[in-house]
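Please treat every number below as a calculation from the coordinates, not as lab data. All figures in this text were calculated on a predicted structure; none of them were measured in a lab. Reconstructed Cβ throughout: ideal geometry from the backbone, glycine too, with neighbour counts over all protein chains shown.
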Amino acid sequence: MPELQTYKGYYLWHYIPSRAAAVIFLLLFLAATIYHTWKIWKLKTYFCICFAIGGFFEFIGYCARASAYDKTGRMMPFCIQNVFILLGPALMAATIYMVLGRVIIAVKGESRSLIPVRWLTKVFVTGDVLSFLIQGGAAGMMVSSDLASIGNKLVIFGLVVQVVFLGFFIINIMIFQARMHRNPTLETSSNVLRWKWHLNTLYLISLLILVRSVFRVVEYIMGNDGYLLQHEWPVYVFDATLMWTVMVAFAIRFPSDVCTHSHVPERFKLNETGGIA
């Protein structure tokens with residue numbers, strides 16, 4: 001059993017990270033990422049590539065955690081796992097924001113959306129990118145003893161931005177669904193477009209990412225002396241398990257019927273980067 005080591009007199013870890021747990025999840029995320037990459041390539045739903053990249057980030061993060069088992073005094077494994085596991089969910093969130101726009105367009109429910117469809121993807125993806133950049137920059141600052149406190153506050157801010165946009169996204173889905181029930185379009189009766197199925201999937205994925213982000217906010221607020229950073233199990237229960245469930249849910253309910261160009265009016269087609277043409 002390796003002993004806990006220090007880096008320049010400072011403990012990066014407060015426990016010996018479990019190699020077995022990290023290996024299990026790196027394999028799970030690798031399998032899910034390969035499947036999503038194949039699915040995206042097969043169906044040519046290239047705007048979903050952010051989701052697969054998010055899974056790859058998780059895979060890299062848990063590879064680093066596995067290697068940190070007997071290297072708790074080294075900065076590189078700690079930094080890699082911290083940054084990649086922190087940022088992966090933001091990339092997955094970007095994809096579900098784009099999917100909602102596709103669902104609305106496919107059922108011709110633009111007039112029922114709280115935010116105009118031409119702005120919907122841009123608003124939520126912009127918020128997601130902002131959250132991603134703040135967290136990414138802050139995570140890098142946290143490896144410096146001089147900037148660690150500032151980095152910690154910025155990570156919290158970035159996560160709060162993510163939580164706010166996810167919450168607003170869920171509200172937007174609820175309003176759209178309520179309006180569609182009151183005033184449905186002809187397309188909602190189609191057996192090809194499983195729009196309710198996809199909305200339920202978006203609810204599930206959004207809530208899972210939201211719970212994970214709230215957990216991370218609490219973790220960083222509690223700080224190094226808090227229970228969540230002093231014990232390893234919360235990371236696997238409230239982050240790893242939830243994010244792998246997100247990948248499984250998206251795989252089972254992959255929105256291929258609303259992601260293909262054949263169901264989308266020409267003027268609303270999304271290009272491969274997710275923008276509206």
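At-a-glance table
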| read-out | value |
| --- | --- |
| Computed [θ] at 222 nm, helices only, for the chain once each DSSP H run of length n ≥ 4 contributes -39500 (n - 2.57) | -23000 deg cm²/dmol |
| Length-normalised contact order of the chain in % [C-alpha pairs under 8 Å, at least 6 apart] | 21 |
| Rounded if a/c under 1.5, otherwise prolate or oblate - the chain, Cα gyration tensor axes | prolate |
| Amide H within-cut-off set for Y7, under 5 Å, with H built and near neighbours excluded | L12 |
| Student exercise, region 6-258 dipole from Lys, Arg, Asp, Glu Cβ charges, in Debye to nearest 20 | 740 |
| Nearby lysines by direct alpha-carbon distance to K108 (threshold 21 angstrom, same-chain neighbours under 8 apart not counted) | K122, K196, K269 |
| Net charge of neighbours whose Cβ lies under 14 Å from the Cβ of L28, counting Lys and Arg as +1 and Asp and Glu as -1 | -1 |
| Per-peptide average of other Cβ atoms within 10 Å, ordering 51-60, 218-227 highest first | 51-60, 218-227 |
| Whether region 1-139 is rounded, prolate or oblate, judged on the alpha carbon gyration tensor where a/c under 1.5 counts as rounded | prolate |
| Helix axis angle, 49-67 relative to the chain longest principal axis, alpha carbon, degrees | 20 |
| With Cα atoms, 0 to 90° folded angle of helix 117-141 axis to the chain main axis | 10 |
| Ranked packing of 205-213, 171-179, most packed first, by mean Cβ within 10 Å | 205-213, 171-179 |
| Cα centroid of region 160-192 to Cα centroid of region 87-102, whole Å | 15 |
| Rounded tilt (10° steps) of 195-222 against the dominant C-alpha axis of the chain | 20 |
| Cβ-defined net charge surrounding V163, 12 Å radius [Lys, Arg +1; Asp, Glu -1] | +1 |
